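> Got a structure for you, written out below as structure tokens; questions coming shortly.
The values are calculated or read from the model by the stated rules, or taken from the named source; none is laboratory data. All values reported here derive from a predicted model rather than from experimental measurement. Every residue, glycine among them, receives a Cβ derived from its backbone with ideal geometry; neighbour counts consider all protein chains shown. For accessibility, only protein heavy atoms count, side chains too; no ligands or nucleic acids. Shrake-Rupley method; radii C 1.70, N 1.55, O 1.52, S 1.80 Å.
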Amino acid sequence: QVQLVESGGGSVQAGGSLRLSCAASEITLSAYTMAWFRQAPGKEREFVAANSESGESTDYTGSVKGRFTISRDNGRDTVYLQMNSLRSEDTAVYSCAARAVRGFAKSAYDYLYWGQGTQVTVSS
């Protein structure tokens with residue numbers, strides 16, 4: 001069955017960086033739009049970033065634009081989220097999601113496959 005496994009989370013101080021990875025199996029990643037979502041304690045899950053099947057087109061939520069970069073390596077079936085200039089507000093569980101329908105979507109309901117999530121904690 002399709003599996004998405006996130007890694008790379010951890011604890012960093014404000015201003016630091018982390019690189020999250022999402023390894024996919026049993027799918028051809030080039031056929032899927034990929035996205036990252038996050039959910040902080042007591043808050044709803046929110047869209048963070050997405051990229052197209054080729055990785056050439058990207059979309060970001062305004063709060064991370066200029067700080068985060070989503071990319072992919074279809075040869076390795078892996079999607080990445082490079083996070084720079086991290087803030088305490090970025091603290092959340094970050095999840096990778098896959099969508100077979102072409103086009104960006106910012107709703108979690110539009111994504112079929114999900115990873116288990118990886119914790120990112122940013123301290124001041």
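> Given a Förster distance of 30 Å, report the FRET efficiency between Arg76 and Ser124 from their Cβ-Cβ distance, rounded to the nearest 0.05.
The computed FRET efficiency comes out at 0.30.
> Hey, another quick one. By how many nm would the segment from Thr28 to Arg102 lengthen if fully extended, with 0.36 nm per residue of separation less the alpha-carbon distance?
Between Thr28 and Arg102, full extension yields 25.2 nm more.
> Sticking with this one: Positive end of the charge dipole of the chain (Lys, Arg +1 and Asp, Glu -1 on Cβ, about the Cα centre): tell me which of Val101, Ser21, Gly66 has its Cα farthest that way.
Towards the positive end, the residue furthest out is Gly66.
> Moving to a separate point now. With every protein chain kept in place and ligands, DNA and RNA left out, what is the accessible area per residue of segment 6-93? Probe 1.4 Å, answer in Å².
In whole numbers, segment 6-93 has 47 Å² accessible per residue.
> Tell me, what % of the accessible area of the chain is carbon and sulfur with a 1.4 angstrom probe?
Here it works out to 43 percent.
> In segment 1-96, what GluC sites (Glu not before Pro) fall in a loop by DSSP, with at most 13 other Cβ atoms inside 10 Å?
Those that pass, being in a loop and sparsely packed, are Glu26, Glu44, Glu56.
> Counting only Cα atoms, I'd like the Rg/Rh figure for segment 42-89, Kirkwood definition for Rh.
My calculation puts Rg/Rh at 1.01.
> Cβ under 14 Å from Ser88's Cβ, Ser88 left aside: what net charge do those residues give with Lys, Arg +1 and Asp, Glu -1?
Result for the neighbourhood of Ser88: +2.
> Right, another one. When the convex hull of the Cα atoms of the chain is projected onto a plane and the area is averaged over all directions, what value comes out in nm²?
Its Cα hull, projected and averaged over all orientations, spans 6.8 nm².
> For Gln3 and Glu44, calculate 0.36 nm times their separation in residues minus their Cα-Cα distance, and state this gained length in nm to one decimal.
12.4 nm
> Okay, next question. Roughly how big is segment 65-124's charge dipole about its Cα centre, with Cβ charges of +1 (Lys, Arg) and -1 (Asp, Glu), in debye to the nearest 20?
Charge dipole, segment 65-124, about its Cα centre: 200 debye, nearest 20.
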